[in-house]
Amino acid sequence: LLTLCQLPVSVFPAAADPVTTAPGSLERGTWCNEHMLHERLDIIEEKVIKTVEHLESEVKSLLNIISETTLNIPTVPGTPLIDVFDGQY
């Protein structure tokens, strides 16, 4: 797999890039490092988004199970009902 970082600088026309650099210069290396870093960050961002979506789905599922379970608990007459979602104990 050939990435832009592996291409020689002379492939890019000078008119498109007013700052020309010599092949193998530090400036091109810096660009490549930044480019690779951005690619990795994009991959990490995508994984984080998918993980958050998965966790949201799991939390919703667990809340539904809790809600269904609390509705099916038999209550003894005269005992106060407790809302597990109100946050007060």
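Provide the net charge surrounding HIS54, with neighbours chosen by a C-beta distance below 14 Å and charges set as Lys +1, Arg +1, Asp -1, Glu -1. Residues close to HIS54 contribute a combined charge of -1.
Here LYS47 and THR75 are evaluated by their C-beta separation; at R0 = 35 Å the FRET efficiency comes out at 0.20. If the segment from ASP86 to ILE65 were pulled out straight at 0.36 nm per residue, it would be longer than the present Cα-Cα gap by 5.9 nm.
A short reminder: the numbers here are calculations on the coordinates, not readings from a lab. Just so it is clear, the model here is predicted, and its values are computed rather than measured. Neighbour counts run over all protein chains shown; Cβ positions are idealised from the backbone, glycine included.
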